[in-house]
Amino acid sequence: MAPRLEIKGISKFFPGVRALDDVSMSVEAGEIRALLGENGAGKSTLGKIVAGVYSRNQGSILVDGAEIAELDEKAAGDLGIGIVHQEGSLVPQLSVAENIFAGRQPTQWLGQVDVRAMRDRARMLIAQLGVAIDPALKVSTLSPAQAQIVEIAKALSRDLRILILDEPTAALTLTETEKLFDVVRRLAGNGVSVIYVSHRLAEIFALCHSVTVLKDGRLAGTRKVAETSTDELIRLMVGRDVHFSRAATGRKIGDVVLEAESVDAPPLVRSASITVRAGEIICLAGLIGSGRSEFCEAIFGARRRRGGSIRIGGKAIDPKGPWDGKHAGIGMVPEDRKAAGLFLGMDIVNNVAATVLSRVSSGANFSNRKAEALAKNFVDELRIATPSVRQIVGNLSGGNQQKVLLAKWLAMEPRLLIVDEPTRGVDVGARSEIYRLLRALADKGVALLVVSSDLPEVLALADRIVVMAEGRTVGELPGDGASEEQVLRLATRYTASVAEVRKEPGMAEA
Amino acid sequence: MQITQPMADNAEHRRENLFVRMVRRLADSRELTLFVLVIALALVMSIVYPNNFPTASNMRAVLLNLAPVGILVCGMMLLMIGGTFDLSVGSTLAFSGVWAAVVAGWWGWPAEVAVLVGILVGALCGLVNGLIVTRIGINALIATLGTLTIYRSLTYVTAGTGVTPITDAFAAYGRAADPLLRIQSPFWAMLVLVLVGGWLVARTRFFRQFYFIGGNPRAAQLSGIRVDRLILIGFVIMGALAGLAGVLGAARLNSAVVNAGVDDQLKVITATVLGGASLKGGEGTILGGILGVLFIALIENAMIINAIGVFWQGLVVGLVLLFAVSLDRFKTSGRA
């Protein structure tokens, strides 16, 4: 008998990125298959292709042995392929029943929605999943787990043969997760094939029969869960060929600049401590959601701190807002350069001047001349490719935008520079230049605290690596000689999950 | 980003390109667009109605009538550059005027104190708006829509049908016997505010921060700019300006009218947007705002002179607004 789902040689290109490259796999009826990989490995993309959300560029898809030429969302629905999205696709203001039958509500005469029939059918579908949720409730009143179940019921409302779950437990608590697992197992028992997209190893061992690992858009291997181990899966996920070499470090490490002790900023930062010296590059590693960015924000003053102490150059500070952090000599390059970093509609001059308005002014007057001179300096120094300093920043490439963002903070000459994801969405060329810049800064005696989800980046840059998990700093490694596996093990010791340890350049944009 | 234009082979194409290029040049500077429109309108009116339009008395009337909106536009432009706005200005204007009149007319306090009280009441109204927006976090549309009716209602509660007459000493602030160029004080106050405000907003470090806030509030906050504090200050300035406009208006008539400035908020916002502000914030100049006010005033004046009637005014102003904003699509540099 033909497998329920068979995909052969699937490739998918986004502008500038090859998201999937010649991936094949097959799933039997009633099988729960995990799709595992780091962020950007292509697992969500593959799930969305099977669900008809994305179209493939190459390859073929067979359902129960029949080749499907045109697979869009409607065709997938008719074939009994359902997907529960990471973000959720429910309308919170409408009832459970209306969400389940969105656009396909049973009707009476004159097209009136038959509310009673709709609710009855919704109740039956939900009961099939072994839970009870009142179909008349508004979705906004449900817990995240209940909402997930409604999503599954929505998929079930059509004759379901293949169910794709994309990171379904991201918002769930432990007990809710167990409940969801029961539902998934029951569905598989009824012959539904489940594709379970996740990066949480523990869940895969608890739930799935088999696992397909993707790495950089390619198939890294398929294993039976019973015959594999955490170590093997991690190796499959991170084995790679791109390497950024460590520079020979002859840097002079100076006095302590930042001393943060048991910083507490609930809910994401529980007890985090770190010390950074002048001329030192410290990388803060950890999974997404481990509280790294939030810890940095608390140091800078952009996040309210409940406990702990922060000292800059031995002097205790209590930053109430970013202005206080700035005043103490801290600069922070935020993670999301478009939303939080840059003034996209303004030119380079104004962007660079934003942190140093008093320095580019004569008395009360803003001096265009001084600001332009400052911007010109940075354009030359950081080799920002632009026709003029009056170019609108939104028109620059990602790498050049990142450099403008760095320039904005270099302009204030910080003692401590926090850089959150320095190379997200930046091409390889700009990447190595940004590394060069950061090293040059450290050479000048600036203390650098770099948050990065990109392990090769961490290993290439760091003098020391501090690892966070669940809002706590859980360990420290010397930058020289550390391996990705060591970092991952520290980061996952508490959560047993290998989250998005690495970002692919360009994937955030794709 | 440079827009490259394909070579046109036929004459018709070339003519269109020239036209498009001219439109682009104009669209790049809203101030220039408006300036050209104002001059064109004035020229046409002078030619068609040489006896009615270009006379000293008509000009004086136009300038005096646009003064209150001209004062308000300075504050509104500042707020809109910062990405917010205040719908309650018309009510604030009436409330301040009435309080100044109560203090001078009913309580018999000196006129100077009454003027000061009026401006302070306006500033206080602005402070309340600002606190609601920045501390409670209610969005400016809802917050100032609420205070729009609250301040108007408080105006009625304070003075019923109004205060008439106030006192001669108080009225002297708005109608001198022989003022400069025979234009009364509201215009001169507006002129000073526009010049000083224009310089402040365009050139000073402090007010420049509003452009950053409007451009990207989160980035501004993370750049160490005290976003909430500045927005609060912006609202207070707006309120104080509305207070001043209310006081001068009451003085000019020697009467505090309870429904003064009823439609002013929309007129001011129209002028501000016409003058180059965007609802998203980060753009605009005081010069543009005042040109917007001037243009609307001229259109109203033209409508009255050629006797088409006031009923058509709104139609023309609305069309001009839509036209001016749609010009933005022709801007040479856009966001990628």
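The values are calculated or read from the model by the stated rules, or taken from the named source; none is laboratory data. Keep in mind the model is a prediction, meaning the values are calculated, not measured. Heads up, the Cβs are rebuilt from the backbone with ideal geometry, glycines too, and the neighbour counts pull from every protein chain shown.
Things worth noting here:
- Condition check for A:VAL84: surrounded by 21 or more Cβ atoms within 10 Å (Cβ to Cβ), modelled with pLDDT under 90 and either touching a Cys at 6+ places or on another chain (Cβ under 7 Å) or over 23 Å from A:SER453 (Cα atoms) (or both): yes
One line per residue, one yes/no per condition, for (1) modelled with pLDDT of 90 or more; (2) under 16 Å from the mean Cα position of the chain (by Cα); (3) under 30 Å from B:GLN209 (Cα atoms):
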position	(1), (2), (3)
B:LYS280	no, no, yes
B:GLY289	yes, yes, yes
B:VAL293	yes, yes, yes
B:LEU321	no, yes, yes
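- Among residues of segment A:333-351 being acidic (Asp, Glu) and not in a strand (DSSP E or B), the one that is nearest to the other protein chains (Cβ to nearest Cβ) is A:ASP336.
To keep it simple, each residue is scored yes or no on (1) away from chain A (no Cβ under 14 Å); (2) farther than 27 Å from B:ALA61 by Cα; (3) more than 22 Å from the chain's Cα centre (by Cα); (4) without any contact (Cβ under 8 Å) to a residue 40 or more places away in the chain.
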site	(1), (2), (3), (4)
B:SER185	yes, no, no, no
B:VAL196	no, no, no, yes
B:THR204	no, yes, no, yes
B:ALA242	yes, no, no, no
B:LEU248	yes, no, no, no
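- Verdict on B:ARG218 being within 14 Å of chain A (Cβ to nearest Cβ) and part of a helix (DSSP H, G or I): yes
- Selection of segment A:352-394 for residues being facing chain B (nearest Cβ under 9 Å) and within 31 Å of the chain's Cα centre (by Cα) yields A:ALA353, A:ALA354, A:THR355, A:GLN391, A:ILE392, A:GLY394.
- Of the residues B:ALA143, B:ALA114, B:ALA94, the single one that is without any contact (Cβ under 8 Å) to a residue 24 or more places away in the chain and crowded, with 24+ Cβ neighbours inside 10 Å is B:ALA143.
- Positions within segment A:305-332 being more than 9 Å from every other protein chain (Cβ to nearest Cβ) and aliphatic (A, V, I, L, M), in sequence order: A:ILE310, A:ILE312, A:ALA316, A:ILE317, A:ALA328, A:ILE330
- Check on A:ILE68, assigned by TED's automatic domain parsing to the domain that holds A:LEU163 and touching a residue at least 60 places away in the same chain (Cβ under 8 Å): no
- Enumeration of residues in segment A:276-304 that are more than 14 Å from chain B (Cβ to nearest Cβ) and farther than 18 Å from A:LEU438 by Cα: A:GLY286, A:LEU287, A:ILE288, A:GLY289, A:SER290, A:GLY291, A:ARG292, A:PHE295
- Taking (1) in contact with a Pro (Cβ under 7 Å, 6 or more places away or on another chain); (2) without any contact (Cβ under 8 Å) to a residue 24 or more places away in the chain; (3) more than 13 Å from chain A (Cβ to nearest Cβ) in turn, B:GLY224 satisfies each apart from (3).
- Within segment A:395-405, being within 13 Å of chain B (Cβ to nearest Cβ) and at pLDDT 85 or above holds for A:ASN400, A:GLN401, A:VAL404, A:LEU405.
- Evaluation of A:GLY189 against the conditions (1) modelled with pLDDT of 80 or more; (2) in contact with a helix residue (DSSP H, G or I) (Cβ under 7 Å, 6 or more places away or on another chain); (3) within 30 Å of A:ALA66 (Cα to Cα) shows that the sole unmet condition is (2).
- When A:LYS74 is tested against (1) part of a helix (DSSP H, G or I); (2) at pLDDT below 85; (3) surrounded by 14 or more Cβ atoms within 10 Å (Cβ to Cβ), only condition (3) is not met.
- Among the candidates A:VAL474, A:VAL467, residue that is assigned to a strand (DSSP E or B), in contact with a Leu (Cβ under 8 Å, 6 or more places away or on another chain) and buried (at least 24 other Cβ atoms within 10 Å of the Cβ): A:VAL467
- Restricting attention to segment A:312-329, the residues that are of a type in the set (A, V, I, L, M) and surrounded by fewer than 16 Cβ atoms within 10 Å (Cβ to Cβ) total 1.
- For segment B:103-213, the helices (runs of 4 or more DSSP H) that sit wholly inside it and include 2 or more residues that are within 18 Å of B:VAL268 (Cα to Cα) are B:111-131, B:140-159, B:185-203.
- For segment A:254-311, the set of residues classified as of a type in the set (D, E, K, R), buried (at least 24 other Cβ atoms within 10 Å of the Cβ) and assigned to a strand (DSSP E or B) is empty.
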